[in-house]
Every structure is written in C-alpha cells, then in structure tokens.
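Here's the structure, in structure tokens; my notes come after.
The values are calculated or read from the model by the stated rules, or taken from the named source; none is laboratory data. Computed from a predicted model, the values in this text were never measured in an experiment. Cβ: placed from backbone, ideal geometry, glycine included. Neighbour counts: every protein chain shown.
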Amino acid sequence: MHLFDEDKIVENFRSFDKIWPHAELKASTYPYVYPKSSNRLLVHEFVYEGQSVNTSKFLEASWTTGLLVIQNDSIVYENYYLGNSPETKNISWSMAKSFISALIGIAIDEGHINNIEENIEVYLPELIGSGYEGVRIKDLLQMATGVKFDEDYGDFNSDINRWGRGFALGQSQNEFAATLERETAPGKVNHYVSINTHVLGMLLNRATGQTITSYMQEKLYTPMGMENDGYWLIDGAGMEVALGGLNLTLKDYAKIGSLFLHNGRWDEKQIVPEAWVTESTLPDGPHVQPGEQFGYGYQWWIPKSDQGEYMAQGVYNQNIYINPTTNTVIVKLSANPFYNDKSLITSRSDAALALFRTVANSFE
C-alpha cells in the first residue's frame with residue numbers, strides 16, 4: 001500500500017530483496033568492466049516540445065538515482081543520486097521485458113521453441129479457454145494479444161494494481177494470467193498488457209525446463225560478465241516476476257544495451273542471434289508502428305527516428321536507450337513518485353528521449 005509513497009519510494013526501489021522472496025543471479029567469475037574515458041559534462045540543456053529544459057533540474061525533478069552514458073563502448077558519464085551507489089541493485093520494472101525477449105530469441109535458436117508463429121497454448125495448454133487461447137507468440141512479443149487489461153498504475157482498481165496486490169499476497173501469477181479474457185482479435189491492435197510478458201516467462205520455463213533465473217544465468221548473465229549479483233522477484237509459487245521483477249546495478253543494466261548495440265555479440269561470441277536483434281527492434285506491422293511517440297518491437301519501444309534508436313522502459317522513469325548511429329547507450333534509473341502525473345515534463349518518456357538524443361548527438 002505504501003510502496004510508492006514519496007518518503008519511501010527511493011529506499012523501496014533498492015531494497016526489494018528485504019521485502020519479497022527472490023531468486024539470485026550470481027556475478028560472473030570473469031566480470032566485464034567497462035573502460036572509462038574522462039567524465040565529461042552532460043549537455044547543459046535540451047529542447048522538448050519547443051522549450052529549453054535544464055538537464056540538472058530535469059534529472060533532479062524526475063528523481064534520478066543513477067545515470068550512465070556509454071559512448072563507443074567506454075563510460076563517459078556515471079553518476080549516482082539519492083543514496084544509490086555503483087553496487088546498488090535497483091528494480092527494473094518493465095525494462096525486464098527486454099531481457100525476457102532476448103531469452104526468447106536464444107530459446108528459439110536452441111530449438112526449445114519452434115517459431116513465433118505458433119499459438120501459445122501449444123506450450124501452455126492451461127491457457128486454453130482464457131483470453132490467450134489462439135494468440136501467437138509473436139502477438140505476445142508485440143503486445144498485440146487482444147487481451148482485455150487496464151494498465152493504469154494511477155487507478156487503485158486497475159488490472160495491473162489488482163495483479164500487484166495478488167502478487168504481494170503470494171498468489172500465483174500463472175493462475176492470474178489464466179483469468180484474463182479476450183477483448184479484440186489478436187495481432188491487430190497494440191495494447192500494452194504486462195501479463196503478456198509473464199506468459200512469455202511461462203513459455204520460457206516450460207520450453208527450456210529451467211527457471212527464468214537459471215536460464216538467464218547460463219545464457220546472459222555469466223557470458224556477459226555481469227559484475228555484481230542480481231536477482232528476480234518471485235511469487236508465492238516460485239515463479240519470477242518476468243514483467244518487471246529484475247534487480248541489477250546500473251552498469252549491469254547497460255550490458256543488455258551494449259549487447260544489442262553490437263547485434264547480439266559479446267566478446268566475439270554471438271549470444272543473441274543477430275536476426276533476432278534486428279527483428280526485435282524493427283516494428284513490422286501497421287499496429288506497432290511509431291505514432292506521435294513510440295512504436296513497439298519484441299518487448300522494445302521504438303521511437304520515430306532516422307537513427308535506428310530503441311529503448312527499454314519501465315514505470316517510474318527507468319530507461320535503457322540505444323542509438324546505433326551514434327554508438328551510444330544510456331541508462332537512467334529513477335524513483336519518481338509523481339510518475340503518473342503526465343502534466344509534468346519530468347514524468348514523460350518522450351522528454352527523457354529528448355534528453356538522450358541530445359546527449360547522443362553531442363558526440364558527433
């Protein structure tokens with residue numbers, strides 16, 4: 001009930017291992033440490049909707065807890081705020097979805113999943129009779145399942161908050177997913193439903209025979225040289241909160257950005273198939289194209305852009321920004337208690353995008 005209170009939110013976002021059960025990810029035996037260039041100054045200001053915005057004030061007013069800029073694979077800016085440090089493990093919220101997508105691509109490459117055109121009930125027959133019956137894996141990835149769901153975090157009675165209260169009480173997320181109903185035909189409308197990612201997590205679990213934590217440890221966490229331990233929150237049935245329960249340090253979050261920036265390669269090894277990286281970050285249907293703000297790939301947000309940018313995003317202003325044209329990765333962690341007030345520039349994802357673009361293009 002008080003998770004997002006103004007006087008508690010910052011501490012809560014870095015302390016979930018003290019609140020809920022979790023499954024641990026172990027730091028790599030051979031950690032990768034980003035080289036550092038001289039810590040350059042950030043741009044003093046950026047333009048959003050025709051007005052100049054002071055960068056320092058924007059970072060402060062959006063309750064930033066960590067900011068990292070990686071240019072040409074070297075750290076050029078790193079800073080922590082509000083008591084966070086390089087060792088602080090902070091919750092990802094929906095940035096976790098992009099990690100799940102990468103694992104789906106690996107599972108397909110390894111033959112655990114045949115292809116994304118299959119219906120999800122082929123692997124999860126317990127969803128027959130729910131809103132997910134007849135939904136392709138691709139529809140889940142693109143947030144186009146047609147499932148009825150209200151994702152309004154500001155509404156106490158919304159579906160996402162109903163899910164959250166159930167999770168907090170130890171209830172099964174799998175059982176919750178099976179209660180959802182169909183609203184529109186799948187594959188036609190991009191409608192953001194976080195439980196879609198939970199169903200992808202169920203798919204990973206069933207297809208690989210491993211927990212999400214175990215599979216991620218083997219396929220991403222160890223090979224990418226994660227420097228610090230991390231963890232997934234788990235529900236009362238032991239299932240990871242695939243839709244947003246990942247907790248990592250600022251620099252370890254950046255590594256998924258660097259991995260995708262290099263088309264799925266890490267230290268000369270292809271970890272995520274190159275074709276999957278391309279497909280994941282290019283909207284391929286009319287219902288997922290960028291409109292005024294963002295389109296959608298396979299659990300990645302795609303802005304209208306001539307530089308090929310894409311982002312992982314989470315509520316309360318979490319961002320991983322990748323710009324392949326300028327060779328830039330930016331990670332911003334935040335604990336903004338006013339996130340649901342979109343009258344505030346500092347609560348808007350496209351305002352953060354404007355800042356990231358300005359920083360990225362300042363290197364040219």
note = Selection from the stretch 122-142 of residues buried (at least 23 other Cβ atoms within 10 Å of the Cβ), part of a loop (DSSP other than H, G, I, E, B) and among the hydrophobic types (A, V, I, L, M, F, W, C) yields 135
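Can you list the strands (runs of 3 or more DSSP E) found entirely within the stretch 1-116 that contain at least 2 residues being under 25 Å from residue 200 (Cβ atoms), in contact (Cβ under 8 Å) with a residue 12 or more places away in the chain and touching a helix residue (DSSP H, G or I) at 6+ places or on another chain (Cβ under 9 Å)? Working first, answer last.
Working: elements: 22-25, 45-48, 51-54, 64-71, 74-80.
It comes to 22-25.
Could we say that residue 292 is among the charged types (D, E, K, R) and surrounded by 15 or more Cβ atoms within 10 Å (Cβ to Cβ) here?
Details: among the charged types (D, E, K, R): yes; surrounded by 15 or more Cβ atoms within 10 Å (Cβ to Cβ): no.
No, not satisfied.
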Members of the stretch 204-221 found to be out of contact with any strand residue (DSSP E or B) (no Cβ under 8 Å at 6 or more places or on another chain) and either over 17 Å from residue 255 (Cβ atoms) or crowded, with 17+ Cβ neighbours inside 10 Å (or both), listed by number = 204, 205, 206, 207, 208, 209, 210, 214, 215, 219, 220
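Among the candidates 233, 200, 248, single out the residue that is touching a Ser or Thr at 6+ places or on another chain (Cβ under 8 Å), of a type outside the set (Val, Ile, Thr) and within 25 Å of residue 10 (Cβ to Cβ).
Values: 233 fails: touching a Ser or Thr at 6+ places or on another chain (Cβ under 8 Å); 200 fails: within 25 Å of residue 10 (Cβ to Cβ).
Being touching a Ser or Thr at 6+ places or on another chain (Cβ under 8 Å), of a type outside the set (Val, Ile, Thr) and within 25 Å of residue 10 (Cβ to Cβ) holds for just one of 233, 200, 248, which is 248.
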ask   = Only one of (1) in contact with a Phe, Trp or Tyr (Cβ under 9 Å, 6 or more places away or on another chain); (2) buried (at least 18 other Cβ atoms within 10 Å of the Cβ) is not met by residue 261, so which one is it?
value = (1)
note = The correct count of residues that are more than 25 Å from the chain's Cα centre (by Cα), among the aliphatic types (A, V, I, L, M) and surrounded by fewer than 16 Cβ atoms within 10 Å (Cβ to Cβ) in the stretch 22-61 is 3
query = With (1) closer than 21 Å to residue 289 by Cβ; (2) in contact with a strand residue (DSSP E or B) (Cβ under 8 Å, 6 or more places away or on another chain); (3) assigned to a loop (DSSP other than H, G, I, E, B) as the list, and residue 196 as the residue in question, which single condition is left unmet?
reply = (3)
message = Of everything in the stretch 239-272, what is closer than 17 Å to residue 97 by Cα, among the aliphatic types (A, V, I, L, M) and part of a loop (DSSP other than H, G, I, E, B)? Give them in sequence order.
response = 239, 241, 242, 243, 272
task = Could you check, for the stretch 133-148, whether at least one of its residues is closer than 20 Å to residue 203 by Cβ and at pLDDT below 95?
result = no
task = Consider residue 154 carefully, then state whether it is more than 30 Å from residue 278 (Cβ to Cβ), touching a residue at least 24 places away in the same chain (Cβ under 8 Å) and either surrounded by fewer than 18 Cβ atoms within 10 Å (Cβ to Cβ) or in contact with a Cys (Cβ under 7 Å, 6 or more places away or on another chain) (or both).
result = yes
request  = Tell me, please, whether a residue that is hydrophobic (A, V, I, L, M, F, W, C), at pLDDT below 95, closer than 22 Å to residue 123 by Cα and not in a helix (DSSP H, G or I) can be found in the stretch 221-238.
outcome  = yes
task = Check residue 286 against each of (1) over 13 Å from the mean Cα position of the chain (by Cα); (2) of a type outside the set (Asp, Glu); (3) crowded, with 17+ Cβ neighbours inside 10 Å and name the one condition it does not meet.
result = (3)
